[in-house]
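See structure below.
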Amino acid sequence: MKKTVLVTGATGAIGKATALELAKNNCTVILLGRNSEKLLKVKSEIIQATKNSDIETVVADLSEPKSIKQAAYEINSKYSSLSALVNVAAIFTKNRAENSQGFEYTFATNHLGPFILTNELLDLLKAGKPSRVVTVSAPSTTKINFDDINGKQKYSAGFLGAFGASKMMNIMFTYALARRLEGTGVTTSVFHPGLVKSELTKDMPKLLYFIFKTISSTPDRAAKTLCSLAIDKQYEKSNGTFLKFDGKEIQSNKYSYNKDLQEKLWAMSEQLSK
Ligand SMILES: NC(=O)c1ccc[n+]([C@@H]2O[C@H](COP(=O)([O-])OP(=O)(O)OC[C@H]3O[C@@H](n4cnc5c(N)ncnc54)[C@H](OP(=O)(O)O)[C@@H]3O)[C@@H](O)[C@H]2O)c1
């Protein structure tokens with residue numbers, strides 16, 4: 001049966017390459033992004049390159065819970081099942097900003113967004129079992145400051161700041177989700193794509209951004225593995241795992257394995273999603 005896979009961040013480097021790979025593998029691909037023009041451009045490029053016309057688009061701003069819930073409503077109304085959800089979208093911003101609810105923008109987009117979207121689509125994923133949730137993160141070592149989750153007292157952008165914390169949250173969210181998914185036929189992994197050429201970190205100091213881009217690889221390698229994680233039988237039972245660009249399992253930072261903190265993050269996210 002044809003698989004239906006939803007990819008967020010589909011207008012970005014890794015998301016677009018992953019959507020292309022899924023289309024090549026004869027999936028129906030739902031591209032989720034915040035900019036409809038960009039989405040339609042990606043859709044037509046993918047159809048042209050693959051001759052797979054089962055490419056759909058959904059507009060949602062992942063920094064805004066209301067927008068996510070509206071998009072999830074549309075998806076739940078249109079589809080009867082999903083084979084995989086691939087959470088790719090993220091931002092990296094130098095300056096602190098807030099969404100309309102006063103949540104710090106990196107936290108809202110990179111963690112709360114995929115948290116809400118995944119939970120809103122769980123019934124569709126269960127209907128499509130065996131199915132997968134894959135969330136793209138990085139090997140973060142940054143601890144979460146639960147007392148200042150919105151970075152009001154102290155904000156820094158980088159790997160040791162809001163961005164790093166949001167990537168730690170992606171890992172801890174996956175481990176907490178894996179426990180909840182046991183026995184449902186849905187499994188979940190978190191994924192480290194390696195260094196990939198993209199515009200993600202363009203807010204970094206110029207020299208650092210230049211070095212970063214120079215040593216990064218094209219998105220193809222990460223996209224091929226992400227596609228495989230989403231649809232290949234080989235990963236069907238891989239639950240609560242952290243995998244890197246070559247598909248091998250790796251260990252995340254010791255802090256991320258703290259179940260009490262994972263549950264604290266889950267409870268807080270649930271509360272803030274309301
Ligand atoms: N690149 C790397 O070296 C690297 C390394 C480790 C981990 N990662 C992770 O890989 C993932 C993808 O990164 P990338 O390098 O492909 O970045 P990218 O090219 O900048 O793509 C980011 C994507 O996220 C979307 N996005 C941002 N804010 C959004 C919002 N509020 N609502 C909906 N979509 C939003 C962007 O949409 P627009 O096109 O509209 O901006 C874009 O499609 C991220 O989770 C990142 O943390 C990347």
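The values are calculated or read from the model by the stated rules, or taken from the named source; none is laboratory data. Quick caveat, the model's predicted, so the values are computed rather than measured. Positions of Cβ are backbone-derived with ideal geometry, glycine not excepted, and every protein chain shown enters the neighbour counts. Side chains are part of the model used for accessible areas, which takes the heavy atoms of the whole protein and leaves out ligands, DNA and RNA. Shrake-Rupley method; radii C 1.70, N 1.55, O 1.52, S 1.80 Å.
Of the lysine pairs in the stretch 125-212, how many meet both conditions: Cα atoms under 21 Å apart, and a spacing of 8 or more in sequence or different chains?
8
Helix-only mean residue ellipticity at 222 nm, the chain, DSSP H runs n ≥ 4 weighted -39,500 (n - 2.57), per residue, nearest 500. What is it?
-13500 deg cm²/dmol
Compare the peptides 125-133, 3-11 by average per-residue count of other Cβ atoms within 10 angstrom and give them in order, highest first.
With the highest mean Cβ count within 10 Å placed first, the list reads 3-11, 125-133.
Hey, can you list the DSSP H helices of the chain whose Cα span along the axis is 24 Å or longer and whose average Kyte-Doolittle score is at least 0.5?
Membrane-span-like by this rule: 162-181.
Based on C-alpha coordinates, I'd like the Rg and Dmax of the stretch 4-273, in Å.
When restricted to Cα atoms, the stretch 4-273 yields Rg and Dmax of 17.1, 51 Å.
Over the stretch 1-106, with every protein chain in place, what whole percent of the accessible area is carbon and sulfur at 1.4 Å, could you tell me?
That fraction is 47 percent.
For the stretch 4-53, run through the trypsin sites (Lys or Arg not before Pro) and keep only the ones in DSSP coil with at most 12 other Cβ atoms within 10 Å of their Cβ.
Within the stretch 4-53, the qualifying trypsin sites (Lys or Arg not before Pro) (loop, at most 12 other Cβ atoms within 10 Å) are Lys51.
Per residue, how large is the accessible surface of the stretch 4-273? Use a 1.4 angstrom probe and give square angstrom.
Each residue of the stretch 4-273 exposes 45 Å² on average to a 1.4 Å probe.
Suppose a student asked you for the relative contact order of the chain, using Cα pairs under 8 Å spaced at least 6 residues apart; what percent would you report?
In percent, rounded to a whole number, it is 19.
Where the convex hull is taken over the Cα atoms of the stretch 1-133, what is its projected area averaged over directions, in nm²?
7.7
Highest mean first, what order results for 234-243, 170-179, 205-214, 109-118 on Cβ atoms within 10 Å?
109-118, 170-179, 234-243, 205-214
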